Structures are given as C-alpha cells and as structure tokens.
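Following: one structure in structure tokens, then a few remarks.
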Amino acid sequence: MTDLAIDLLWLVILLPLAGALFLHFVGQRLPEPMAGLLASAAIGLSFLVGLVGAFPFFQGDGEATTILLWSWMPAIGANLELLWDPLSALMTLIVTGVGFLIHVFAIGYMHGDERFGRFFVNLNLFAASMLTLVLAGNYAMLFLGWELVGLCSYLLIGFWFTRDSAAGAAKKAFVVNRIGDFGMMVALMLVFAAFGTLSYAGIFDRAGEVLTTGVATAIGLLFLLAAAGKSAQIPLYVWLPDAMEGPTPVSALIHAATMVTAGVYLVARSAAIFELSPTAQVTVATIGAATALWAASIAIAQYDIKKVLAYSTISQLGYMFMAVGATAYVAGIFHLMTHAFFKALLFLGAGSVIHAMSDEQDMRKMGGLLSKMPVTGVTMGIATLAIAGVPPLAGFWSKDEILGSLFARGGWYGVLWVVGLLTAAMTAFYMTRQWVMVFWGEPRWSEDAHPHESPGMMTLPLIALAALTVVGGFVNTPFRFTLEHFLEPVFEGVSMQHPPEGWGMFALMAGISVFAGLVGLAAAGLAYRRPMEDWAEFEQGLQPVWGWWEQAYRVDDFYNVTVVQPGKKAAEAAAFSVDLPVIDGAVNGVGRLARGIGERVRVLQTGQVRNYAALLFAGAIALVVWLAVTGA
Amino acid sequence: MVEAVLFVLMAVAALTGAVTVVLARNPIYSAIGLLGTLFSVAVIYVVHLAHLVAAVQVIVYAGAVLTLFLFVIMLIGVDKSERRIETLPSQRIGVGAIAILLIAGVVAITVFGNFEWVPAAASVIDLDATNGTVAAVAEPMFTDWVLAFEATALLLTIGAAGAVALAHYRRRN
Amino acid sequence: MVAPGWYMALAAALFLVGALGLLIRRNALVMFMCIELMLNAVNLTLVAAGRALNDINGQVAVFFILVVAAAEVVVGLAIIVSIFRLRSTASVDELSEMKG
Amino acid sequence: MLTALVLMPVVAALVVLAVPRKRHEIHLPLGVVLSLAPLGLAAYLFWQFEPVAGMQFVVDVPWYEPWGIGWRLGMDGISMPMVVLTALLVPIALGASTAITKRTREFVVLTLLLEAGMLGAFVATDLFLFFVFFEAMLIPMYFIIGVWGSDRRIYAAFKFFVYTFFGSALMLASIIAMAVIHSSQTGAASFALSDLANLDLTMGAERLLFAAFAIAFAVKVPIFPLHTWLPDAHTEAPTAGSVLLAGVLLKLGTYGLMRFNLTLFPQASVDAVWIMGALAVIGVIYGAVVAIVQPDLKRLVAYSSVSHLGFIVLGIFALTSASLQGAVIQNVNHGLTTGALFLLVGMIYDRRHTKAIAELGGLQKSGPMLAGFFLFMTFASIGLPGLNGFVGEFLVVIGSFPTLPSLAVLAAIGVILAAVYLLWAYQRVFHGIPEGENATFPDLTPREIALLAPLVALVLLIGLYPNILLDRIAPSTEAVLDQVQAVTDYEVPYPGRLVDVFIPGEG
C-alpha cells in the first residue's frame, strides 16, 4: 500500500493542479459551492496520499526515495524529480492539511463573490506550486515552485483587482519576491559552478570536499536573501503587511501557514551547505532575531486586525530563522508546524470576525464580540494563549525549544536568547491586546453592524485548528522527541543544536519563557479591559515611540525615497535624456550630416556656364601640373 | 630659312587673329579674326607637308563652319553688343590669375624646355612629298581607324538631325 | 629648319588665348569661336608632332577632331538659335535656370 | 527538401498575386492557407530531424562555378528551431492582420516573400546565398512597415532599412574578402561555409572580419548602442510586421553570431567574449530600465525585446554547453512570447485604436479572456519557471556563470527589472475600474483565440518539457564548442561542458 502511494506520489502535486485546470476551464459555470467543494476535495485527497506515503517514516524505517518524472534541463542537472524524505513528507502534510481546512473555510468566506470559481482556481494552483517547491528533488525544481508560489500570491493578493491598493500590493509583493529570487538565482549559479549540477543528490553528500568556507558563506547569504524575500525578513518584509489586501483565507494559507515558511524550508534543506559556514548561520540567526523584535514592536501599535497578525507572522518567522540559524533545525521546523496551526486559526478567526462585521477591519470599531461569536472567540483565545507561549499549548513547546537551543549555544546566541525572550513578552502583549479589543470590553460597533456567529462551514475548520493547536505541542516534547526521531535521517550528516539536557535546565528555561509570556499577557489584559478612552491616553503616553510603531517606522516611505523614486528618475533619464537624444540623435545626426554636406556642395551649381568652364579648366591644369610633377 | 620666316609670319598672324576673336566688341570682327587664324594655321600645315589637312582645314573649317557662324550672327543681329558690366566679378580675377600662371608656364617651357615630351624632337626627319597626300592619309584611316571613322559618320548624322529638330520653328498659333 | 618645339609653343599660345576667351566673354557665339581656336591649337600640335615622329596618324587624328568640331558647332548653334528665340539674348549669364 | 521549403512561400506569393486585386476578402484567408504548407513541411522536417551534430537535408548545387557560389542549403540543431518558428509565426501573423484593408493582396504577397527570405537565410550554408536572403528580407519588411504602418511609418521604415543595410554592407565586404583569401590559399574561390571555416587567417584579418560580421549582426540583434531603430520599427509596423520582426528577424542576428562568428572566427570570438558579453548585459539592463517608463505599450515590448536578446547574446559568448543551449532555445522562446505579446497589443489597438498605456485601464473587467492571455504571456516573458522564458534565461544565466561570473550576476538583475516594467504596465492597463471606452471593450473572438492557442500550448510545452528541443539542439552546440576548443587554446572552465555535468541517474 505504502510503496504504491510512493509510486503515485506525483499525484500529490497533480491533484490540486488538475483541480485548478478543471475549474479554470469548466469551473466558472459551476454553481457556487461546487467549485469550492471540488477544490477542497482535490487537496484533501492529496493529503491522504501524502499521509499514506508517510507511514514508513512514522514507523521510523522508511528511507528517502527520488521519483524521476522526466528530465527537464539536463545541461544543468535539473530534472522534474520528487524527493520523498521525512522533511518533505512533514511539509507536505502541513501544506495539504492546513490547506484543506482553509479551502473549506474559504467556501463559506467567499460566499457571494462573482469570481468564486476563479478564486479556487488560484488557491488550488497555489497548493500545487507549494507542493512542487516542497517535494522538489533539485534546486531548479525548487526554484520552479518558488516562483510559481510568488505568481499565485500575486494573483490572490490582487484578486479584487478593481481596487487599486490591491493591484499595487500584488505588484509590490511580486517585485520584492523577485528581488529575493535574484538572490536565489545567483546562489544557484554558485552552486552549479561549484558542483556542476543542481540536483540535491549531487550536492549534499559532496558538499564537504567541494565547497570552501568562502563560497559556502556566499551561497548561504544569498539563500538568506532569497529566504528574506519569500519569508518577509528584515530587508524585504515590506510586502507582507500590504498583502493583507487579499481575501483573508489567502492571508491564512499563503501569508501565515505555507508560502512564508518556504524560506525556513530552504535553509533547513540546505543544512549541509550552511554547516560549512558559521558566519552564514550567525547572520541568519541575527536577521531572524532583529526581524522578530522589529515586527513585534510594530504589531503592538496596529489597529487593523489583519495587520497585527501580519506583523506577528513576520515576528514568528524571525523566531524560526533564529532556530535554523542556530542549527536547531528540528526546533525551527517544529515551530513552523505549530505556527502554521495557530496562525492559520488566528487569521481564519479574524476572517470570520470581518465576515460577521461586514468587512470592518478596524479593531476600534469592535469589542465585546465574545457573546455574539462564542466559537470564534474561544478558538482565537486558545490560539492567542498558544502564541503567547502558555504551557501545554503547542506554541509553548516549540518556542521554548528554540529559546532553549539559543541559550544552550551560548555566546552571541545568548544575546539572541534575550531578544527572543523580549519578543515573547511583546508577542503575548499584542496578541492579548488584540483579543481583548475584539472580544472583551464594551461593544463599539457602528449602528449598521450586527455581528453574528459564522456559519458551520467556517467555524468547523476553526475548531479543527484549535484542536491541532492544543494537541500539536505534544509531538515534540522534551520527554518524547518524536519529531526529532522522525526528522533524524534528514539531518544526520549535520551537527544539530539541542536545548540544555536534564530536568532542572528544562524547568528553568520553561519558567523564564512562561514568565515573560505572562507578563505581556497581564499587561495587555489590564490595559485594554477598560473603556476606549483610558487605553487611548495610555497609548498617547508612549507617543513618540507609539507613533513610529503605528506607521511601521515609515519603512515604506524610506524605500520609496531611496529606491523607487530614484529608480523611476533613472529610468526616465535613461529613456528620455539618453536613449532618445543621444543614441537616436546620433543616428539621425548622421542623416542630418549628409544633408548638410549636400547643402554646401549645392552652392557650386551656380548655373553660370562660365563658372563650370573655369572649374573644368582649373581641373585640367591641376591634372597637367600633377602629371608634370610626378613625371607620369 | 624660308620655313623660319614663314613660321614667324604665320605665328604672328594666328595670334593676332586669336586675340581679335577674344577681344573684338562685335562678333563679326571676332569671326574675321578666327578666319585669319584658320588661314595661318593652314599655311603651317602646308609647311608640314600636310596638304590634305590644310585643304580640308580651309574648305571645312573656314568655309563651312565659319560661314555657319556668320549666318547665325546675322540671324541674331550683329548689334547685340555685350553690356560692359561683368556679372561674375570673381571670374575676372580668377581668369587673370590663371592667365598669368599659364603664360609663365608656356614661356618657361619654350625657353628652358628640352621637350623631353617629344622624344624624337632633335632629329627632324624629312617627310617625302607623298606623305601629306590623300592616299597616305586615307590608307590608315580605312584600315586601323575604320571603327572611329564609322563612329564619326554616325555622329555627324545625329548632329544634323539634332540641329534640324532643335531649330525647327513650329508655328504656334 | 624650325624645331617642332616652336610649333608646340605656338599651339599652346593659341590654346591659351582660346581658353581665356572662353572664360572672359559672355556671348555664346564668341565662346564657340574660342572653342574652335582651342581645337585648332590641338590640331596644330598633332600635325607638328606627326611630322616630328614621321607618323601619318597625327593627321588622321586631325580629321576626327575636325568632324567632332563640326558636329559640335552644328548642335551648339542650333541650341543658341532656339534659346535666342525664347530669350532674345545670347548672353550666357542670364541663362542660369539650371541653377542647383 | 529544403529547396522546396524555401520556394514554397514564393509559389504561394505568386498564387496570391494571381487573385484579382479587388477581391479583398480572398487574399488573407488564401494567404493563411497557403502559408500552412511550409508549416507542414517544417513540422515534417522537425520530426525527421535526428538529434546528431552536423548539417542534415543538405542540398549542394553549383550556381556560379568560377566564384564557387553554390545553392548550398543545410539544417542543423541551431537553425532547425528557427525554421519551425518562422513557419509557425507567418500563418499566425497573417491571421492576425484582418484589420488591414487597403491593398491586402500586396500585403499577403510581401509577407510570403518575407517568409521565403527568412527561411532561406536560416538554411543557407553558402555565405553568398545567406547574404542574398539576408538582403532579400529587408525589402518586403521595408514595405510592410512603410506602407501599412501607423503615422511615423516612413521615417521608421527608412531608418530600419538604412541601418540594417549599413550593417550588411560591412558583411558583404568581409564575405568577399573571405572568398578572395580562400581562392588565394587554395586556388579556387568558394563561399561554402565548410570551406571557409578551415581557412587559416592572420590574427589581424580574423579580428577585422569578426568585427565586420559582428557589427552587421549587432545591428540586427540589436545589441546596445545600435538598437534605436527597433522601437521605431516596432511601434510603426502593423501587427503582422511586428510579430515577424520580433519573432524572427531579430533572431537572424543571434543566429548569425552563432553560425558565422563562432565557427568562422573562433579565436576572435574567444578574445571578444568579454566585450560582447558586456555589451549584451548593458543591453539587458538598459533595455529593461528604459522599458519601465515607456508611455506606449508597443515601445515597451520593443525595449523588452532588446533586454531579452541581450540574454541570448550573453549566452552565445559565454561559450559553455548550458549557455549555448539556453541561447538557442531562448531564440525560439522569445519569438513565441514576444510574438504573442505583439498579437495581443495589436488586438487592443484594433479595438481601442491607441497603444498609449495612459488611455487604457481596467481591461481585465471588460475583457477577462484577453487579460488572461496577456498575463500568461507577461509571466512567460518575465521568465516564470514552468513557462518557456525561464528555461532559456535560466540556462543562459546559470551556464554563463563559469566563464563570465560578474556579467551573469548583472544579467540576473534583468530578471527583477523585467518583473517591474511588465507588471507595472499590466497593472496600469488591466487592473482598476474601466471607464469610458475601456468599459465597452469587446473580448477575444474565437479567431483570435485560435491564433493565440498554439502559442500558449508551445510556451507551456517548452516550459515543462524543453527536451523536445534541447535534445536536438545539444549535439550541434556541442559541435560548435568542440570546434572552438579544437582551434583555439580556450578551455571551457569546469562545469561548462555537458560531458562533465553530473547526471543523477548515472551517479
């Protein structure tokens, strides 16, 4: 049964792809829910195939297999081949599992949209491309998935393309991703120049003797640039907050659970390369920490429900980068999994709130919704606690393992541990602030808003995700490192960082991180329980800092001034003051020169016969003289 | 000795004729000047025993061409003397310069020139009497130069036809 | 016995006068006559050279030049007559419609 | 076989000529049907083509013996893709020119003659014959732009003609020089490519001849400083003209560089790797930057062609297996994607009679089908993996790294700029709410879809399964590389050659 599933592994990609194509050509005319159901069925099926295929890995005896579909670009060792090992299996299950739940949610959420069928085409296409990325057997195919995912995020962010802000956000997302892809392309050039191929098989087990530390560092940093583009880290994160223009299920699927984790997957997959350059690892970790802190601070001062979650995602991704940067790959992947659960839940919850409040996204016009939307309220509550790091929920275990690993690694990583703790507190603060502003306190809705609990189709996934958030943590507790053993074969060639051994240390670590979480939680709870006026002046109290946070340090304007405007001016200069006048001018100049010479020569044609005679004669004389001189 | 005297006389006659052609105010006088030059050159041909050429010169040139000139002058009206003003000032200066240059050149050649252009100049071979006669000239013309001969024949016919076409005065109403 | 060089000199002088006349005079007819002068000068050199080199071809060439001269005069005068009929002037300067 | 291929369009032209002038409605359909014949033959040749180096279907008939000029034709891996592309694009271009009303007969005849010239140029293995076809193409193109173009067509047509003519004059001189050298060295003059390939030229002569050929082809490609005729020619040409101009005529330059410059002057090519590479990369960056601010959609696509062809030239002069294959396949890809983009721009122009981006907006709402096709082709042009643009550009960029690392990295920047200018244009033209005439924008007619469908299919096919072309191209490009390495002391740096590329299958 299982080896049948492995042989049919390409179904995992084919199913959503077929779903997308079918819906594209036929789906438009299907009655509304049909398209959604079909799409969800497609991704659900591929989840099942993945699950069955992953059984050998669960029992711990499966080994990595490569399934070759057909040779794509043999000149650079790039074939369409699937690599089925525990890491890609885990990622497939996360993508298809969470994806399935989000598809179901979307059926309810997108109810009444006239491009309903079109939405699910893009959603399925996204699932297919993410699976291509995760299952790729070589960097070229990974790059294939990498860019297709960017395409789908472009299509989905700009889904309501009639809105200029959405269209702009879509373009911005794609261009910023493209800058990351540039880093990826250059990295692949280096890899090809060093190994002569792009296929994993040809790279990882020969990495040691082929790469010098210098080249490895270069490749590592370029991978970081690519990951920063895709997973919205410090230099290239500006597109994610704008990506909230897309429908909420999109934000949940793409900008929380799957696409943004591609960067982490890339670093984890290329562990063998990062192994050779400590500098690259430190940079990754530092960028992660900086992003975590930076985004957390901005999230605190946001009023749009989705913006808070967007910056929270960036911050949590920073955690994952800290983990993989400190070679705690399993901890990073573990946090990736748990984050996928509770962040998807948070986004879907926010989606159901927005849906209920007829597209109102400003938290200041919400409040006291718990009574009206109990299921959404409770499930989001669970997620908020999880992300804050409250034990037994999933967030606690994964975040604690990361912080533990950082602490255990010591040195510079110790500093990052402190940053991690601070971010943990801030995370707890802004998440609780959000929950309290939306569900607690006195209602501040406008008159025409009449919130009601979302229909079953939407609340069901919420409950499922809540369950996963509660159970998810126990997958990799320090007592039974099941995930550790599960991912063992993938990382056996690479040294891995673990949290400090022994009960004492675990208790100490857990205590510190829980304490940080509770501090943030309490502060936000107390501050935002009171009516709006109170916490409004509390916010004014922090004014200079609060203002920066709220406008996200005006990074967008900064980029606009330093990159976009000069770029446009340079382009205009190149086009209108160089290309047209100079080069084109040169060409036309030649034409004008010829006409000018003609003009002057024309003067000689005076019409006077005698002038011609004189010229003729002068010529004759000149000839005679020349003959005489040269004695011809 | 006679040849030298004849040469000087004829040279003077030719040059005065030429000058009158150029400087005469009235075209008639320049025509007469041309006639003088033609005759003096004809005499020189005789000196060179080129009798046929001399005869042709006199008959064709002096006879036909010159009379044609006179005829046209009469047709156009002899009193059309040119206005004195010179429309192309630059022309005069230019021509003057060229003239001086050339005269200097000719003088220089005649005085210093050793005529290396004319290889056998030194030895003057005495042409026998028959040389200049019609047979001697005709023989090469109809053997080596027959093609040129036919070409000139064609040229003349075209010239004649052309002249008639050009000058034909269609009576336009 | 007069050296052929002298005849050449004479011919050169004649040619020179003809050329200058051509450049100075404005009446088309006179210009034609000057051209005739120049042609005569050429004939003279040919005959003198012919005699010096004892080669009859000199004189044959003269014939061809004569023919060309005759044809040229015929056509030239025809043109002048037709222009004259249009413009009633023989002066070359007014006839400059062919200006470039 | 190849002679039939070249002469078929000429016969077709004569047939169309026979149709009386006033029967407008017959000319175009007849032209399309007749141009399907060469397509059929080209497809048959493609199917018959074995993936092995060297010329196939060779024809060698002496034409003018004393000078050694012969009707020599042949097709190998480098020219075969272009022949098929040409045969494919002509019926599509003709099909798309229903908007042409005046003098349709002459238009169809000229297009068919243009096709004959193009096919001839690609299959000629005799330099003199190549030059004849190279020039023969200019005349119909000149008239197509000059007569049926839009407002500034005379200026554009004239500039195009004189510019290219200047280049080819240089080439003619060097062709003759080659023949003369050949006759001096071996007694008999000959213009055959095979004979001229093994001439031993002095270093100076080889450099000079290389430069002459290179300039002639640089004008055609166009490479950076010599590109200003392209935007004018494209903007003023009618749809069919632009499609063929971008799809095929530009490729003649890159094909020429590969076929003549590399094989005839290997040492000079090796020395010129850096110069040509640098010019190519400047072209990539410059073309893209200038394209960003173009107000006119067609000029934007024209400048994008300058940028894309810069990749091809970089691929040629990087002299590695991957980059050469990438260059050849990118020739085809660019033909397909830019051809399709021009078709789409033409369709917009037929409906809105404007190419200015400012006047267009919100077309996705009123014309979703057209928007869908345009987006598809935009992403193919940007080089999205899974579509054909990616295969070519990725092979070129990755392949040229071993020999020209810094240039390859700079070229990769072109990838970002491509996304910027194309998507920005797409956003301004298609997104937003359509008002005024944009709202009543009629969507694609079945005829237009029938024109675009084959292109979309091919773009996907080459994007996902490029081996259908790469298998046939690889032997020929390897042959060129072997020849260059054999004659010069140039060593392709480590992963450059196909043979030492690690294929996972064989370990």
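The values are calculated or read from the model by the stated rules, or taken from the named source; none is laboratory data. This is a predicted model, so every value here is computed, not measured. With ideal geometry, Cβ positions are generated from the backbone for all residues, glycine too; neighbour counts draw on all protein chains shown.
Scanning the range B:27-59 for residues that are touching a helix residue (DSSP H, G or I) at 6+ places or on another chain (Cβ under 7 Å), more than 28 Å from C:R26 (Cβ to Cβ) and not in a loop (DSSP other than H, G, I, E, B) yields a total of 13. With respect to C:L46, determine if the residue is part of a helix (DSSP H, G or I), surrounded by fewer than 24 Cβ atoms within 10 Å (Cβ to Cβ), within 7 Å of chain B (Cβ to nearest Cβ) and not basic (K, R). When the stated conditions are applied, C:L46 does not pass them. So, A:L627, is that one within 14 Å of chain C (Cβ to nearest Cβ) and free of Cβ contacts under 8 Å to residues at least 12 places away in the same chain or not? No: the conditions fail for A:L627. Out of curiosity, is D:V52 more than 16 Å from D:P91 (Cβ to Cβ) and in the same structural domain as D:A179 (by TED's automatic domain parsing)? It is true that D:V52 is more than 16 Å from D:P91 (Cβ to Cβ) and in the same structural domain as D:A179 (by TED's automatic domain parsing). Of everything in the range A:139-154 that is over 16 Å from the mean Cα position of the chain (by Cα) and more than 8 Å from every other protein chain (Cβ to nearest Cβ), the residue that is farthest from D:P385 (Cα to Cα) is A:Y139. Note on the range A:543-632: enclosed helices (runs of 4 or more DSSP H) holding 2 or more residues that are more than 30 Å from D:A156 (Cα to Cα) are A:543-550, A:555-559, A:565-572, A:609-630.
When the range D:353-373 is examined, which residues are found to be within 15 Å of D:G432 (Cβ to Cβ) and assigned to a helix (DSSP H, G or I)? D:I357, D:A358, D:E359, D:L363, D:Q364, D:K365, D:S366, D:P368, D:A371, listed by residue number. Taking (1) at the interface with another protein chain (Cβ under 7 Å from one of its Cβ atoms); (2) at pLDDT 85 or above in turn, D:L417 satisfies each apart from (1). Does the range B:156-171 include one or more residues that are more than 8 Å from chain C (Cβ to nearest Cβ), modelled with pLDDT of 85 or more and within 19 Å of C:F64 (Cα to Cα)? Checking the range B:156-171: at least one residue is more than 8 Å from chain C (Cβ to nearest Cβ), modelled with pLDDT of 85 or more and within 19 Å of C:F64 (Cα to Cα).
If the condition is being within 10 Å of chain A (Cβ to nearest Cβ), hydrophobic (A, V, I, L, M, F, W, C) and over 26 Å from the mean Cα position of the chain (by Cα), then the range D:420-464 contributes D:F430, D:I433. If you go through the range A:76-99 and pick out every residue that is away from chain D (no Cβ under 13 Å) and touching a strand residue (DSSP E or B) at 6+ places or on another chain (Cβ under 6 Å), you end up with 1. Residues in the range A:238-287 that are surrounded by 24 or more Cβ atoms within 10 Å (Cβ to Cβ) and not in a helix (DSSP H, G or I): A:G246, A:T258, A:S270. For the range C:3-43, the set of residues classified as of a type in the set (V, I, T) and either over 12 Å from the mean Cα position of the chain (by Cα) or at the interface with chain B (Cβ under 7 Å from one of its Cβ atoms) (or both) consists of C:V17, C:I24, C:V30, listed by residue number. Listed by position, the helices (runs of 4 or more DSSP H) enclosed by the range A:115-195 that each have at least 3 residues that are among the basic types (K, R) are A:164-195. Based on what the data block shows, is A:G367 within 28 Å of A:M91 (Cα to Cα) and either free of Cβ contacts under 8 Å to residues at least 24 places away in the same chain or not hydrophobic (A, V, I, L, M, F, W, C) (or both)? The answer is no for A:G367. Of everything in the range D:342-382 that is of a type in the set (S, T, Y) and more than 14 Å from chain A (Cβ to nearest Cβ), the residue that is nearest to the chain's Cα centre (by Cα) is D:Y349. Would the range A:359-366 turn up any residue that is among the charged types (D, E, K, R) and touching a His at 6+ places or on another chain (Cβ under 8 Å)? There is no residue in the range A:359-366 that is among the charged types (D, E, K, R) and touching a His at 6+ places or on another chain (Cβ under 8 Å). Given the condition surrounded by fewer than 19 Cβ atoms within 10 Å (Cβ to Cβ) and in contact (Cβ under 8 Å) with a residue 60 or more places away in the chain, answer yes or no: does some residue in the range A:558-575 qualify? Yes: one or more hits. Is there a residue in the range A:214-225 that is in a loop (DSSP other than H, G, I, E, B) and among the polar types (S, T, N, Q)? Scanning the range A:214-225, I find no residue that is in a loop (DSSP other than H, G, I, E, B) and among the polar types (S, T, N, Q), so the answer is no. Quick check on the range A:35-46. Is at least one of its residues over 19 Å from A:F105 (Cβ atoms) and touching a residue at least 40 places away in the same chain (Cβ under 8 Å)? For the range A:35-46, residues over 19 Å from A:F105 (Cβ atoms) and touching a residue at least 40 places away in the same chain (Cβ under 8 Å): absent. Of the set (1) away from every other protein chain (no Cβ under 14 Å); (2) surrounded by fewer than 24 Cβ atoms within 10 Å (Cβ to Cβ), all apply to D:R299 but (1). On the stretch given as the range A:288-342, residues that are under 21 Å from A:I157 (Cβ atoms) and within 15 Å of the chain's Cα centre (by Cα) total 13.
Of all residues in the range A:156-165, those satisfying the criterion of being surrounded by fewer than 23 Cβ atoms within 10 Å (Cβ to Cβ) and in contact (Cβ under 8 Å) with a residue 24 or more places away in the chain are A:F159, A:W160, A:R163, A:S165.
Of the residues making up the range D:385-403, those that are under 21 Å from D:W424 (Cα atoms) and surrounded by fewer than 24 Cβ atoms within 10 Å (Cβ to Cβ) number 0.
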